[in-house]
Amino acid sequence: MAKTAKLDLGETTIDLPVIEGTEGEKAVDISKLRAQTGYITYDNGLGNTGACLSDITFIDGEKGVLKHRGYTIENLCEKSSYLEVSYLAYFGKLPNADELSALKAQIKDVSKIPDGIKALIKSFPKDAHPMGITSAAMVALSGYYGHLTDSDLTDKQKQEIFPLMLGQLKTISAAVYRHGQGKELIDPDTSLDYTSDFLYMMTGEKPNVDVAKSLDVLLILHADHEQNCSASTVRVVGSSKANIFASISAGIDALWGPLHGGANQAVLEMLEAIQNDGGGYEKFIAKAKDKEDPFRLMGFGHRVYKNFDPRAKVIKGYCDVVLEKLNVQDPLLEIAKGLEKTALQDEYFVKRKLFPNVDFYSGIIYKALGIPTNMFTVMFALGRQPGWMAQWKELIEQDGFRITRPRQIYQGKTDEKL
Ligand code: CMC
């Protein structure tokens, strides 16, 4: 017999269906609660709310597990490329050799961005934040690929969108960087693989193989992360049947904030501030613990991970490897390691289960790769795009599709009169 949960509201008691996920997660289905009782639920920050049913990504925050379509993140980082993981997220299976080479060829065909998008990027002030330009360029693509903006897409359109978005965002991201540097934009080089082409368009030079490989792993680590703030934003916007360009542009905006993807930029700025202050991180730890001070240890803490963030573990390992391969000695890495060690022994962080997250070490690698600080969150967006697309595709294909429209508990004035 299907499991139910009893809810006793005093005046009435009802049985609510219990849903169990394939990894054993349990949820109480309250979708009929208001109709049956007149009550709604309240969940500040939605920390206890399952907003959808999903087959894409599983996280066990207590155990530090992250899986995409059943594959662990460690396994994917070791054995797959970013394009394979992107395909896995979007189509639900890893590509075979023919599917992968077809995807690579399709991306090469659609990696050049329209002249109007180049002009739009160039119209921004050189010191404009790259995330604002990237988001604007993304939504502007809707004007150039109008045939992909229907509110109900065919399977053929969904196939066409996938390589298009991967190709366009790669070139947009590199162009945004070039513009900020006051340099001419560079067109894609179709002889290069995805990550190498991005680096080539950014720097104008054919990249070192180790650098391209490291960046590819970083992109994999960011590919999807279930219902985070930006993925939820993509789903909310997509639920109004807004087109994919608008939905992903909104995801980019959500990612920009320092509590989400913008933390990678904030971490590096924090490490530099510690360095400029003489390198003593204890003062910054004390600030983070002080409830009167809004400062937080950037790159620390996570809504879901309460043990460790498996992505941070992989990145930390890569930090040592990349810096050694590139022959870079960055004192910020030592400051980061010291900060982590001290915080992990401090009762404040231990009690609240605050650990380094994906953003804590990623900036040190981006810096070693020559990527400027204000581009870090664009790198996150580039990596996260397949996850957003997969979340959007799953949303529009789901049985029982509905617009997302939460309720509220009104606490304002009543019966005012003029
Ligand atoms: N430094 C100091 N205290 C912290 C921190 C931190 N980084 N993070 C959480 N806390 C404290 C917080 O003050 C609260 O304390 P108390 O119980 O005494 O009020 C407690 O820990 C729980 O925090 P919360 O704000 O309720 O946790 P949350 O799940 O709402 O927020 C978070 C999660 C990631 C926004 C938060 O940990 C944070 O602001 N971290 C710093 C920003 C950051 O690194 N963001 C990147 C997240 S991972 C990648 C991504 O999503 O893009």
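The values are calculated or read from the model by the stated rules, or taken from the named source; none is laboratory data. What you see is a predicted model; the values in this text were computed from it and never measured. Glycine also receives a Cβ, built like all others from the backbone with ideal geometry; neighbour counts cover every protein chain displayed. Accessible surface is based on the protein model in full, side chains and every heavy atom, while ligands, DNA and RNA are left aside. Shrake-Rupley method; radii C 1.70, N 1.55, O 1.52, S 1.80 Å.
Taken over the range 218-247, the criterion of being in a helix (DSSP H, G or I), within 15 Å of the ligand (Cβ to nearest atom), open to solvent by 10 Å² or more (accessible area, probe 1.4 Å) and in contact (Cβ under 8 Å) with a residue 40 or more places away in the chain is satisfied by Ser232 alone.
Taking the criterion of being open to solvent by less than 40 Å² (accessible area, probe 1.4 Å) and among the polar types (S, T, N, Q), the residues of the range 150-182 that qualify are Gln157, Gln168, Thr171, Ser173.
With respect to Tyr82, is the statement that it is open to solvent by less than 70 Å² (accessible area, probe 1.4 Å) and either closer than 30 Å to Val358 by Cβ or within 19 Å of the chain's Cα centre (by Cα) (or both) true? Answer is yes for this residue.
Residues in the range 267-283 that are in contact (Cβ under 8 Å) with a residue 24 or more places away in the chain, part of a helix (DSSP H, G or I) and open to solvent by 20 Å² or more (accessible area, probe 1.4 Å): Glu269, Glu272, Gln275, Glu282.
Of the candidates Val350, Val358, Val378, the single residue that is more than 24 Å from the chain's Cα centre (by Cα) and within 16 Å of the ligand (Cβ to nearest atom) is Val350. In the range 285-314, the qualifying residues are those that are part of a loop (DSSP other than H, G, I, E, B) and within 17 Å of Gln265 (Cα to Cα), and the one that is most open to solvent (accessible area, probe 1.4 Å) is Arg296.
Restricting the range 330-375 to residues that are touching a Pro at 6+ places or on another chain (Cβ under 6 Å) and closer than 28 Å to Leu199 by Cα leaves a set whose member that is surrounded by the fewest Cβ atoms within 10 Å (Cβ to Cβ) is Asn374.
Of the listed requirements (1) more than 16 Å from the ligand (Cβ to nearest atom); (2) in contact (Cβ under 8 Å) with a residue 12 or more places away in the chain; (3) outside any loop (DSSP other than H, G, I, E, B), Glu334 misses just one: (2). Scanning the range 253-273 for residues that are over 11 Å from the mean Cα position of the chain (by Cα) and of a type in the set (A, V, I, L, M, F, W, C) yields Leu259, Ala263, Ala266, Val267, Leu268, Met270, Leu271, Ala273. Scan the range 198-211 and give yes if some residue there is within 11 Å of the ligand (Cβ to nearest atom), at pLDDT 95 or above and either part of a helix (DSSP H, G or I) or open to solvent by less than 10 Å² (accessible area, probe 1.4 Å) (or both), otherwise no. No, there is no match, as no residue in the range 198-211 is within 11 Å of the ligand (Cβ to nearest atom), at pLDDT 95 or above and either part of a helix (DSSP H, G or I) or open to solvent by less than 10 Å² (accessible area, probe 1.4 Å) (or both). Note on the range 98-128: residues that are open to solvent by less than 50 Å² (accessible area, probe 1.4 Å) and part of a loop (DSSP other than H, G, I, E, B) amount to 5. Among residues of the range 145-157 that are over 15 Å from Ile248 (Cα atoms), those with a beta-carbon under 6 Å from a residue that is open to solvent by less than 40 Å² (accessible area, probe 1.4 Å) at least six positions away or on a different chain give the pairs Gln157/Leu148. Candidates in the range 282-317 are the residues that are out of contact with any Lys or Arg (no Cβ under 9 Å at 6 or more places or on another chain) and more than 13 Å from the ligand (Cβ to nearest atom); of these, the one that is farthest from Val65 (Cα to Cα) is Lys283.
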